[in-house]
Structure formats: C-alpha cells, structure tokens
1. Output the 0 to 90 degree angle, nearest 10, between the alpha-carbon long axis of helix 372-381 and the longest principal axis computed from the alpha carbons of the chain.
2. Express in nm, to one decimal, how much length is gained between ALA914 and ALA185 on full extension, taking 0.36 nm for each residue of separation and deducting their alpha carbon distance.
3. Which of ILE86, VAL109, SER138 sits farthest toward the positive end of the charge dipole of the stretch 80-148, with +1 on the Cβ of Lys and Arg and -1 on the Cβ of Asp and Glu?
4. Would you mind getting me the FRET efficiency between THR201 and ARG27? Use the beta-carbon distance for r and R0 = 35 Å, nearest 0.05.
5. If you roll a 1.4 Å probe over the stretch 868-923 with all protein chains in place, what percent of the accessible area is carbon or sulfur?
6. For the chain, what is the accessible area per residue in Å² when the probe is 1.4 Å?
7. Are there cysteines in the chain with no other Cys C-beta under 4.7 Å, and if so, which?
8. Measure nothing but the geometry: give the 0 to 90° angle between the long axis through the Cα atoms of 633-645 and the longest principal axis through the Cα atoms of the chain, rounded to 10°.
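The values are calculated or read from the model by the stated rules, or taken from the named source; none is laboratory data. Because the structure is predicted, anything quoted here is derived from the model rather than measured. Here Cβ is always computed from backbone atoms with ideal geometry, including for glycine, and neighbour counts include all displayed protein chains. Side chains are part of the model used for accessible areas, which takes the heavy atoms of the whole protein and leaves out ligands, DNA and RNA. Shrake-Rupley method; radii C 1.70, N 1.55, O 1.52, S 1.80 Å.
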Amino acid sequence: MSQPLLLTKCHRPRPRATTLRRERLFRRLDPATTVPVSLISAPAGFGKSTLVSSWLDDRGLAAAWFSCDAGDTDPHRLLRYLVHAIRTVAADVLADVADRCADTVPPPVDHLITQIANDLAIHGKDVLLVIDDAHLLSDDLITTVIMPLMEQVGEHLRQVLLCRSDPPIPLARERTRGRLIEVRAADLRVQQDEVGELFATSLAVRLTDSQAAMLLEKTEGWVAGLKLAALSLQNRTDTDTDAFLQAFAGTDAFVLDYLLEEVLNSLDARLRGAILRLSVLEQFNAEAAEHVTGLDGEDLITELDRRNLFLIPLDSQRIWYRFHHLFADLLQRRTRHEMAEADTLFSLAAEWFIQHRLPAIGLRTLRNVEDAQLRAGVMRRGWTHFMAENVMDAVLRELAGLPRTMVENDPRLLTAECNALMNHYHFAQVTDIFDMWQAALDMEKDPVAHKFIEARLTFVKGVLRVIRHDYSQDEGYLERSATLLRSMSRADAAEAGMMPEAVDIALHETEVLLSRSFIALGRIDEALDLLHRMKDRHRLHADHAEEVQAIEDIVRVHVLIGDVRAARRIMVEHDELAERYGIRYDPANETEVITLRARLALERCDFDEAVSWCNKAYDVQKRERYLRIVQAFNCYQTEQRIACMRGDYGRAHEILDVLRTASYPGLQDYFTEALLLMETWMAFMNGEDETVDHWLVRCERDYLPEWNKPKHQIFGRIGTIGLYLNVHARRSGRERISGLLAEALDFTKTHQMPRQHAEFLLVRMMIAVHEQRMDEAVDACMDALAICARYDMTSPFFNVFDRKDTVTDLINAGLNRRTPSGDLVAAAERILGTWPEGSGRANDTAARPSLNIQLRLNPDTQRLDLTPREIETLALLVQGNTNQRIADKLYVSLATVKTHLYNLYQKLGVGNRAEAIVRARGLGISDR
C-alpha cells in the first residue's frame with residue numbers, strides 16, 4: 001500500500017491583498033515562463049515565496065506549486081508529489097505516470113521522467129512548476145530528479161526553484177546557454193522607494209521618511225526583519241518609535257531573536273503561551289491546536305491570522321496551517337528554553353498525529369522528545385496504528401532509540417517491533433526476540449490487547465514454521481490466530497484504544513498465509529472455502545482491493561490443480577470487478593496477475609501466449625528495479641518448461657542462470673528444491689543422464705521418505721514425485737515404483753488435484769506402453785483425456801515427455817473403442833493440434849514397441865475439415881446448450897458463436913439446429 005500524499009504540500013500560498021507589488025522584480029521573473037529553470041536564491045526571510053506567488057497573481061499565470069520539507073528524501077515520492085502538483089494545473093496529462101508513481105514498488109526515476117517528457121510533448125503542454133524550500137532537497141535528489149527534469153523536460157516544464165542556498169546544478173553552463181533566470185538576495189532587498197509603501201499598506205505602520213530610511217539601513221532591506229520590526233512598532237508613540245529604532249542593530253540572526261522577543265512580549269500571556277505550544281506541531285488544524293493548547297482551536301487560528309503572526313494556510317479551504325519555518329524554528333527553540341513541559345508538548349503532538357493517521361509526521365515529531373519514558377508511552381499507545389502505514393523503518397529507528405530493557409518488558413512495543421521486522425523479512429531477528437515477546441504477554445492487562453497480541457504471537461509461530469519448510473501445523477498456529485482475530489471486532493479494538501482496522505489487517509495477513517498452507521498440504525477444498533469466505537467478507541465491508549486480491553488467490557488455486565475451466569470463468573469476474581472498482585495494481589501484484597494469465601495459457605498449451613505474458617512480467621521487472629526475481633519466479637518457471645518442450649535448451653539454461661542469482665529471503669529451501677527440479681527436468685529432456693542420476697540419489701534420500709506426510713510442502717513435492725516416476729517409467733526395474741505411483745494416484749484423487757492425477761495416469765500409461773500392456777495403456781490414456789476434457793486443460797499430455805505419435809495412437813485407439821462425447825473429441829483435437837514442435841526427449845533410445853492397433857479415423861470428419869473450435873461448438877450444441885451458454889463456456893462473444901454455427905451449417909450441409917444435431921451424432925459426437 002503506497003503512503004498517501006499530504007496534499008497541502010501542493011497548495012500555493014496566496015499573498016494578502018495588501019502585499020507590496022514589486023513590479024521591478026516581476027519584470028525580472030517574466031522570462032521564467034520561457035526558460036527551463038529560474039533560481040530565486042536568498043537567506044530565510046527575504047520574501048521569496050511571497051514574491052513568486054504575487055507575480056503569478058499579477059500576471060494571471062497558472063503554476064504548479066510544491067513545498068519541500070525535511071521528510072522529502074525519497075526520489076520516487078518526490079517525483080510523485082511533483083507529478084501531482086503538475087496535474088493540479090494540467091489535469092489532462094500524466095495520469096498514467098501518477099498511477100505508476102503511486103505503486104508500492106515504483107518504476108525507476110529515469111523511466112518516469114522519460115514518460116513525463118513524452119506525455120507533455122504529446123499533449124503540447126507547457127507547465128510552470130514552482131518548488132519552494134528547494135534547499136531542503138539533498139544533492140542526490142537534485143541530481144536524480146531536478147536536473148533530469150531540467151534537461152529532458154525543460155522544453156515543456158519550466159522550474160522555478162526557491163531556496164536558501166544554490167543547488168548543485170551547473171549554473172555557469174546554464175547562464176552561458178541562456179537557460180537560467182536568477183534572482184538573488186541583493187535583488188530581493190527592499191529598496192528606498194518601496195519601504196514607505198511596504199509599511200503604510202502592507203504592515204499598517206506609519207513612519208517618517210527618516211525613520212523608514214533608518215530602519216531600511218538597519219535591516220539592509222531584509223523583508224523578514226522589516227515585518228518583525230513593524231509588529232513591534234504597532235501602537236508605539238513617536239518617541240517610543242525613535243528609541244526602538246536607535247536600539248535596533250546587529251546581524252540578521254540577532255535582529256530576528258531581538259524582534260521575536262519584542263513580538264512575544266507584546267502579546268498577552270495567554271496568546272504567547274498558545275503560540276509557543278503550537279510551535280511543536282509541524283502543521284495543525286483547529287482540532288490539533290486545541291489538543292496542545294487547551295484553547296478553542298478555531299478562535300485561536302482566527303486570532304493568529306488576524307494579527308498576521310506568520311501563519312501560512314496549507315490548503316484553499318484554510319483548514320490546515322503552519323508557521324513560517326523560520327518563525328517556527330525560533331518558537332520551538334524558545335519553547336524548549338522556557339517551558340519545562342516541552343517534552344510533554346512534543347509527545348502530545350506526536351501522539352495526536354499518530355492517532356489521526358499521520359504516523360510519519362508523528363514519528364518525526366517524536367524525535368524532539370528527550371525523555372525516553374514519554375517516547376515509549378507514545379509508541380505503546382500507537383502500536384497498532386503503524387500497521388496500516390508504510391512507516392516500518394521509522395518504527396524500528398524509534399524503538400532502537402529506546403533503552404532495550406524498556407522495549408523487552410513491554411508486550412506492545414515488542415509487538416510493534418516484530419510487525420516491523422516481519423514486514424522487512426528479518427525472520428532471524430524475530431526468532432531472536434520471540435521468547436521474550438511471548439514471556440511479556442502476561443504483562444498486558446487489557447483483555448482485548450492481550451488477545452490481539454496472542455493472535456500475532458501465534459501468527460508469527462506459524463510464519464516461522466513455514467519459512468523452515470515445515471507445514472505440519474500440528475499445533476494449528478495459523479488457524480488459532482485466525483480464530484482469535486475473528487472473535488474481535490472493530491468496536492472492541494477502538495474501545496481498547498487500538499486502531500479499529502488493525503484487526504482486519506491482521507486477519508487478512510493470517511488468512512492469506514493459512515490458505516497457502518492449506519494448498520501446500522494438499523487441503524484444496526479448505527483453501528478454496530477460506531478464500532471464498534474472505535472474498536465475501538471483503539465485499540460486505542466494501543474492501544474492493546482485498547476482494548479482488550482474494551479472487552486472484554482463488555484463480556491461483558484452480559490453476560495449480562488444473563481446473564482451467566473454473567479459473568478462466570473466475571478470471572472474467574476478476575477483470576470485471578477490477579475495472580468496475582478502478583483497481584490499480586502495484587508492480588508486485590501486476591506480476592502476480594500476469595503470472596496467472598501465463599499459467600492459464602500454459603495449461604491450455606497456448607505456448608506463444610504464455611511466453612508473451614512471461615515477457616510482460618519481465619518487462620515489469622526491468623522497469624521496477626526493486627522488484628525481486630522471486631516475484632516473477634513462476635513466469636520464469638513457465639517459460640523454462642515451454643523452452644524444454646520446444647527443445648530450446650539454450651533459453652532454458654539462460655532462465656536457470658537468472659534464477660540462480662536471485663535471493664529468496666526466508667524460503668531458500670523451497671526455491672532450492674524447485675530450482676533443482678527445473679534443472680533435472682531439463683537434463684532429463686536433453687538426455688543428460690548423469691545429472692539425472694545424481695538427482696535420483698538425492699531425491700531418494702531427501703524427498704521421497706514420507707513425502708505425503710503433513711510436515712512437508714506436499715503440493716510442491718508432487719512435482720518432484722512426478723519427475724521421479726517419469727524417469728523410472730522409461731528404465732528397467734519399473735516395478736520398484738509401482739507402490740509410489742499407486743500412492744500418488746490415490747493422494748491426488750483424494751485431494752482433488754485433477755492435473756496432477758492426470759499426469760500420474762499418463763505415467764501409468766507410459767509404463768504399460770513399455771511393458772506391452774496396450775489395453776491398460778489405452779485405458780489410462782483415456783482416463784487422463786477425460787480429466788482434461790472435464791477441466792478444459794491440455795498440459796498433462798505434454799508433461800509425459802513422450803512423442804506425439806505414441807499419444808496419437810493411444811488416443812485414436814481409445815476413441816475408436818466407443819462413441820466418444822463431443823467434449824472428449826474436442827479435447828483430443830486440442831491436444832494433438834497444439835503439440836509443440838521439437839517435443840520429446842533428446843537421444844531417447846528406449847524401445848518403442850509397435851502398438852499393433854488398427855487405427856481408424858472417421859473419414860467424414862476428415863473430409864468436412866472441421867476446426868477444433870467448431871468441434872467444441874458442435875459438441876456443446878448436441879448437449880442442448882443455448883447460443884449464450886455456448887459463448888459462456890467457450891469464453892467468446894455471442895456473435896462469434898453465431899459465426900461458428902453458420903460455418904458448421906455450411907460444412908455439414910444442414911439448415912437448422914435440429915439437423916445439425918442429427919448430423920453431429922452421425923459423426924460420433926454424442927451428448928455424453
């Protein structure tokens with residue numbers, strides 16, 4: 001989940017109606033609309049933001065505006081803000097870039113910048129972008145974001161940088177090229193002809209010419225100094241004014257401290273205290289102001305705004321505000337100096353932000369608290385609020401700053417720490433602290449919090465078992481965790497001071513892992529039942545993204561077991577809901593969906609389509625440089641299988657080399673076994689018997705013993721069993737695998753794994769072929785074909801690693817034994833029609849016995865030249881399906897079905913449905 005933007009950072013501060021109009025500087029800024037970059041560089045308090053905002057209003061210009069802060073450290077997030085700012089003035093551009101920037105793992109910055117350049121060029125848009133407080137951006141951000149924007153997008157994007165120091169861009173080169181406008185501190189200083197108007201109109205203070213000249217000399221035209229002096233001069237007599245001006249002297253910093261003292265001392269104690277208290281808030285609304293001051297927030301903000309006490313609105317509705325940064329810094333310094341309760345104020349502010357779903361600001365504010373007890377108190381009260389936001393790094397940093405004993409003796413802090421560590425896959429560190437976490441549970445006295453922590457503890461126990469490749473779940477950790485969480489409600493959590501959604505988030509995490517554990521253990525029905533319940537619950541709560549994700553998991557299960565018919569039907573529902581709800585996929589989720597589509601294509605043996613989907617997954621991975629290979633593992637696995645089937649062993653080796661370089665945090669054992677299986681399968685197909693022999697020894701030692709016992713990842717191990725049986729099916733001593741084959745057939749049938757069961761039937765077929773038991777071979781072949789027809793899959797026949805001629809002979813023999821159903825004929829046509837070129841084992845010298853079976857193809861069927869799709873359509877017609885029902889089953893439009901029927905009528909020589917059904921039965925296509 002990407003962290004939401006703070007939209008107030010893209011709000012332009014509007015100048016007051018009484019702001020000094022500085023035509024001299026406006027003319028200096030006018031060329032900024034035609035050059036790539038304009039630099040407004042001066043120390044704090046020179047009126048940079050006010051000048052540019054006034055110029056925009058005066059010239060009637062629309063401009064994007066972004067205000068930097070110290071939290072802008074990530075290039076992708078910075079670019080996301082800049083794109084959002086641009087779209088506030090050009091809403092018809094960069095929509096796709098905005099979505100990609102919001103991805104959990106966004107594309108590389110240079111890729112996004114290229115997209116920005118292309119989009120603005122295509123739309124012919126010229127945009128003025130103001131970046132305020134640009135000095136807060138690191139040199140790296142300037143060189144990776146700002147400079148590339150200047151170089152690549154400068155023709156359409158004009159940047160205006162407001163900063164206190166020069167950024168690391170080649171200013172001399174840009175000056176020479178005429179691509180730079182500069183306004184410096186000397187330019188910004190108030191001139192003699194401006195000071196009188198500034199005081200009379202903007203600051204509502206009347207000065208004589210001599211007094212104005214004296215003050216201008218003392219401040220050297222520094223706007224902030226003049227404004228602060230004006231505040232101190234209000235309500236003074238002429239005598240007092242002269243005395244004040246005589247005493248006014250010193251450097252800018254000294255002057256500001258002096259004037260700040262004058263400003264604060266001119267306020268009553270109530271308002272002075274309120275301002276100091278407000279300074280601990282990075283930003284505030286009426287509720288936050290009331291929280292730290294105890295005064296009516298709306299009245300306080302209204303008074304501060306009326307008195308012009310450096311208050312800056314952050315949105316056009318004037319809901320959120322902040323103090324001028326310089327003023328806020330000095331106020332905080334004075335708060336720390338004058339108020340003994342400064343730590344308490346900062347902790348109050350931090351907790352308010354955390355409780356109001358702004359944990360990033362809250363954790364930044366918490367850094368100002370020196371008292372460890374106060375910091376720990378805020379963390380323990382906000383312990384569940386960190387689960388919904390991407391702030392785990394900040395949580396770990398804050399916990400690391402507390403005394404270790406304080407964390408170890410607090411179950412809530414340990415829970416927050418373990419949540420953050422799990423989020424980063426730091427399983428070893430979780431293991432190190434797990435015992436003390438469990439021991440600390442009894443210290444939690446709140447019954448709701450106790451139950452929640454117990455649920456998380458139990459969940460982590462289950463996770464640690466899974467990453468150790470132990471799926472036994474004898475203690476039922478994940479199921480127990482889910483049961484505990486289901487017994488809690490949002491209202492329970494809220495009453496206990498927890499974030500209400502924390503229960504839902506924890507339950508979702510637990511159920512996802514539980515469903516995958518069910519799959520690993522071969523408990524397919526339980527996995528599907530759980531996933532459907534999750535889908536229904538998310539739909540009830542209108543959690544659309546989670547609902548769509550649950551549907552993806554349901555499709556994944558059907559693909560794994562080979563139920564292509566159900567998977568395709570549910571995938572249609574998935575796509576409709578995703579479009580209806582406007583679901584945008586982050587790169588990791590996009591890769592998962594692409595992988596599902598690739599696997600669906602593979603199961604129907606549409607190899608070109610499967611490889612095309614795999615290439616799309618690789619494109620995502622190349623685009624998203626932080627996306628781990630493990631997230632596209634199944635796509636690599638799919639393409640490697642296809643490459644081997646096609647005899648392209650060079651590509652198969654390339655894929656293995658890519659996967660060997662990847663890291664698999666927490667799941668190394670599982671992926672090691674999967675890679676070894678892929679390597680051996682390729683060696684077997686390529687006739688590399690020595691490699692296969694080494695694997696057989698390891699397989700018998702490590703994988704076969706108790707392979708179907710719950711302690712193992714049974715579902716994944718079935719692939720290992722399949723290859724082991726296939727190897728021995730072609731070697732002497734086949735009788736040694738008869739018991740294992742019987743176990744595999746029984747297990748896959750009992751646990752409803754149709755694809756795997758069909759593959760083991762085909763192993764039985766191959767054994768029977770090599771042992772000249774032809775009737776048994778035909779029966780096994782036809783049983784496997786019936787499964788493929790029922791579930792609309794094809795792949796098991798290509799996984800027997802044999803040549804097309806043998807399978808063709810067996811299928812034809814089986815079809816000629818009885819009148820087959822239309823579905824069975826269509827499945828046979830599809831299998832034989834999509835057989836990959838170059839398939840079969842290289843250097844296969846195993847004896848291929850003569851079948852001695854009389855083959856008989858229906859001559860009418862051959863003569864009519866019906867396509868596989870027409871045979872499928874005709875079979876469904878014979879079964880009594882309506883046109884719409886045929887369209888639904890074939891996943892085509894109604895118009896396509898009508899076209900197929902028209903072609904069928906022409907080829908069959910019939911004029912209506914009834915005649916077509918009679919003709920089809922004469923061809924051997926029945927309704928069975």
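1. 50
2. 253.3 nm
3. The listed residue farthest towards the positive side: ILE86.
4. Details: r = 20 Å, r/R0 = 0.58.
Once the sixth-power term is evaluated, E becomes 0.95.
5. 53
6. Per residue, the chain has an accessible area of 42 Å².
7. Among the cysteines of the chain, those whose Cβ sits 4.7 Å or more from every other are CYS10, CYS68, CYS101, CYS163, CYS418, CYS605, CYS644, CYS699, CYS781, CYS788.
8. Value to nearest ten degrees: 30.
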